[in-house]
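S.K.: Pasting in a structure now, in structure tokens, and then I'll have a few things to ask.
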Amino acid sequence: MRKKFRNVIPWIIFCLAGTALNVAGSRLVVLTGLPLYLDVAGTVLTAAIGGYLPGIVTGYLSNLFNSAYDPISVFYCVVSVLIAVSATFLYQKGFFRKFPDILLPVLVFALLGGGIGSVMGWFLYGFDITSGVSAPLAIGLSQSGAFSPFAAKLTADFLIDLADKALIVLIAALVLRFAPLRLEQILGVPIRRGANPENNINDNIKTGASSLRTKITLLISVSILLIAVSGSGITFLLYRQAVIDEHIKMGQGIAELAAGSINPDAVDVYLSRGESAEGYRETEDTLYRIRKSSPDILYVYAYRILPDGCHVVFDLDTEDMPGSEPGEIIPFDESFTDYIPALLAGESIEPIISNDSYGWLLTVYAPVYNGAGECVCYAAADISMLTLRANELNFMAREISLFFGFFICILAVALWLADENVISPLNAIARAAGTFAYDSEEARAESVKAIQDLDIHTGDEIENLYRAILKTTGDTMDYIADSQKKAETITKMQDGLIVTLADLVESRDQNTGDHVRKTAAYTKIIMEQMKRDGVYADQLTDEFVAEVISAAPLHDLGKIHVPDAVLNKPGRLTEEEFREMKGHTNAGKDILTQVIAITPDTGYLREARNLAAFHHERWDGSGYPCGLAGNDIPLSARVMAVADVFDALVSRRSYKEAFPFEKAIQIIREGSGSHFDPQIAEAFLRAESEVHRVADAFQK
């Protein structure tokens, strides 16, 4: 094992030890009921001793482990990694060595934990003075009259965090003062500067206005931010629409329930006699019970819509205002202008979202028909949309907190890798080459030895550069001409290596055989279950099922045109590579079209073409290559979509490990109605035991 990786192992162990210390501290607090947290002691120690990356990794891992028994912990990882960054910086500046100086780390950590942490908690779960470790102190401060509830909670959070961080910094300062030599022996590297000393070789290296480290940091940061912003924006819009859809479903259910509670033949009597009409009170009580079914339901009422306005049949009282009396006429609101013709005609209308004098509401109308099929009135429900805004803030706070914790962690890992594999080796080479002495044989020998002692093993172009420089400098001491000859040899070696590597990558996917057999088996299971369930019975004839099962192995035929470098790429495909990969659908379609042109037309070939062309289409229309949706996608391709995705999930590939069976099943379930035809997905899930047997059989 190379020296670099031997040095990394102690740090991995040390990060895990720091994580264990954090988890143990938080569990101790839970078990003893101490008004503290004690969940960043390991983070502060590993950050001070190991530098930015170990501290950040320890803080991030600690929150992940703590979330196993306290799910909200994962949302506070950003606070932990910020404490790790602060601890590294402050330790390197010497703030852990003397008593007055350690007050600054205590204050900074308390502001991060008690300030940012508290604000995050309010965004995530709402302001509640009675919750959390600081609740008793916050309530006491509030009852004293000197603090508002908000100020009392903020002050209490800060004071509790101040005590917690003072204890943690004191422990860390004592460990760092009395045990550094022992830790150096365990880790095998010095810790007095609080960071990997190999990075200190950069101290005397001059850089331009924009160093390589700065460029790498900027590149990584911009890339992550662009991905995060676009992904978060899409996720937020999908979340918002999902919440609106849920409100609409609830409103429709409430309106329809209210409509079903009203006797259509008694509406005229209700309008003329009001509460004195027989059955009016009972119906009104029913409507009150319907409204109480959800706190988001603000108004439930029934109107007869006539040209002069809305004639009140029922209008329930609220805490803020009494309802209108039966027979009272309410003018049309401006937001309903476009819907008046449909309402006057007794037609159903789509749910309406309005923001007027009554607030931000979702209004759902359900017509009430009499025995003659005439609309005698509309039952309506107004659903408050204010919870949507609260949920959006909660969702955004969770997204932001998770992202920034993850962003800092990934950035630290990327910068560490850049330092270890690019920046430090390059600076070391530059320093050794820049100080190379030619004035004496002894100086030249020492300079060559200094370059040899760098012993760079990055396994990439930097190592090639180092070896080339090492060889060149050694040969220069003897013969310049010979050095040039050796350089040409090295160049030829590199060209030959590139050609050899190009030959090595010309291999095809070795999993295809199993994949086509498994997907054929899964399509058979799905269609047999669909037949048992009576789904698409008019299409699922025995002949059709046999044709699809026979054609299933040809669904990826078009991958013959996908380059090996794309087909077997272990990582994420680029946009261009993904376009090449997606092209296998049309390629397969074209191949099979040519076969059909010279072969008697059979259902087998037609279904093979459908499978090859459309098995990556999605039920919601977001698939490729044609963006077909719903029943426009051939049935055979919709069946293959489920089988293909499931097998891809449970199978090991060059770019991923196999998913557990249960996780794959859950992904299929979640994709029902969006990625997959819901009836086909349901048939697949109902046949789970048969699917499991096939998956197990191919794993043996």
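The values are calculated or read from the model by the stated rules, or taken from the named source; none is laboratory data. Keep in mind the model is a prediction, meaning the values are calculated, not measured. Accessible surface is based on the protein model in full, side chains and every heavy atom, while ligands, DNA and RNA are left aside. Shrake-Rupley method; radii C 1.70, N 1.55, O 1.52, S 1.80 Å.
S.K.: Using each residue's phi in the stretch 23-34, evaluate 6.51 cos²θ - 1.76 cosθ + 1.60 at θ = phi - 60° and report the 3J(HN,Hα) Karplus result to the nearest Hz, with x for Gly and Pro.
M.R.: With the stated coefficients, the stretch 23-34 comes to 5, 5, x, 5, 5, 4, 5, 5, 6, 9, x, 5 Hz.
S.K.: Take the cross-link list LYS518/LYS656; LYS449/LYS569; LYS153/LYS292 and give me the ones stretching past 29 Å between alpha-carbons. List each step's numbers first, then the result.
M.R.: Working: LYS518/LYS656 18 Å; LYS449/LYS569 41 Å; LYS153/LYS292 33 Å.
Pairs exceeding 29 Å: LYS449/LYS569; LYS153/LYS292.
S.K.: If one computes P(r) from the Cα atoms of the stretch 26-178, what percent of pairs lie at distances over 24 Å?
M.R.: Summing the P(r) of the stretch 26-178 above 24 Å gives 31 percent of all pairs.
S.K.: List every residue whose amide H lies under 5 Å from the amide H of CYS310, counting only residues 5 or more places away in sequence or on a different chain, with H placed 1.01 Å from N in the peptide plane.
M.R.: Residues meeting the amide H criterion: ILE330, PHE332.
S.K.: What list of ³J(HN,Hα) couplings, whole Hz, do you get for the stretch 526-536 from phi and the Karplus terms 6.51, -1.76, 1.60, once you set θ to phi - 60° and write x for glycine and proline?
M.R.: 4, 5, 5, 5, 4, 5, 5, 7, x, 8, 6
S.K.: On the accessible surface of the stretch 608-665, probed at 1.4 Å, how many percent belong to carbon and sulfur atoms? Walk me through the intermediate numbers first.
M.R.: Values: 1110 of 2210 Å².
Answer for the stretch 608-665 is 51 percent, counting heavy atoms of protein chains only.
S.K.: How big is the antiparallel share of DSSP beta bridges in the stretch 254-358, given as a percent to the nearest 5?
M.R.: Roughly 100 percent of the beta bridges in the stretch 254-358 run antiparallel, per DSSP.
S.K.: Can you tell me how much longer the chain between ALA629 and GLU256 gets when fully stretched, taken as 0.36 nm per residue apart minus their C-alpha distance, in nm with one decimal?
M.R.: Numbers: separation 373, 0.36 × 373 = 134.28 nm, distance 2.99 nm.
So the chain would gain 131.3 nm between ALA629 and GLU256.
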